[in-house]
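The values are calculated or read from the model by the stated rules, or taken from the named source; none is laboratory data. All figures in this text were calculated on a predicted structure; none of them were measured in a lab. As a convention, Cβ positions derive from the backbone with ideal geometry for all residues, glycine included, and neighbour counts pool all protein chains shown. The accessibility values were calculated without ligands, DNA or RNA, using every heavy atom of the protein model including side chains. Shrake-Rupley method; radii C 1.70, N 1.55, O 1.52, S 1.80 Å.
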Amino acid sequence: QVQVVESGGGLVQPGGSLRLSCAASGSIFSIAVMGWYRQAPGKQRELVADITTGDSTNYSDSVKGRFTISRDNAKNTVYLQMNSLKPEDTAVYYCKVAGGTKQYWGQGTQVTVSS
């Protein structure tokens, strides 16, 4: 089985920073894309950022310039550095791992931005 585990969430004041980590393990032979999604109460889940094996990145307009996604292919780990956090960033953040036709989701980590 494949395990996807996020960490690094928490409570932070507006303007603060957090760094999320996501590690994938198990029967994974190759990973094409790793990404971060978020879901706020009453809202649909949305893409935050993703990154390919070749380090091509894609960001939601709402986080461009504030968030940075990176990955360590050798460790099957993806990171999300979140700076200048805003209250509207409050959500459960989920890690998605995709390779071939397979998709795996983490359990989510709560990020709360509040003064």
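Scan region 104-115 for residues that are assigned to a strand (DSSP E or B) and over 20 Å from residue 72 (Cβ atoms) and report the count.
Here the count works out to 4.
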*Complete set of residues in region 1-25 that are in a loop (DSSP other than H, G, I, E, B) and either touching a Phe, Trp or Tyr at 6+ places or on another chain (Cβ under 7 Å) or within 13 Å of residue 96 (Cα to Cα) (or both)*: 2, 9
*Restricting attention to region 80-103, which residues are in a helix (DSSP H, G or I) and open to solvent by 10 Å² or more (accessible area, probe 1.4 Å)?*
87, 88
*Of the conditions (1) touching a residue at least 24 places away in the same chain (Cβ under 8 Å); (2) open to solvent by less than 30 Å² (accessible area, probe 1.4 Å), residue 107 fails just one. Which one is it?*
(2)
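Each row is one residue, and each column tells you yes or no for (1) open to solvent by 40 Å² or more (accessible area, probe 1.4 Å); (2) part of a loop (DSSP other than H, G, I, E, B); (3) modelled with pLDDT of 95 or more.
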residue	(1), (2), (3)
27	yes, yes, no
36	no, no, yes
41	yes, yes, no
49	no, no, yes
54	yes, yes, no
62	yes, yes, yes
69	no, no, yes
78	no, no, yes
*Only residues in region 58-80 that are over 21 Å from residue 23 (Cβ atoms) count as the first member; pair them with residues that are open to solvent by 70 Å² or more (accessible area, probe 1.4 Å) and assigned to a loop (DSSP other than H, G, I, E, B), Cβ under 9 angstrom, at least 6 apart or cross-chain, and list the lot.*
59/65; 62/86; 66/86
*asked:* Just to be sure I understand the filter: pairs with C-beta atoms under 6 Å, separated by 6 or more residues or on different chains, first member in region 11-25 and open to solvent by 20 Å² or more (accessible area, probe 1.4 Å), second member modelled with pLDDT under 95 and outside any strand (DSSP E or B). Which pairs pass?
replied: 13/115; 14/115
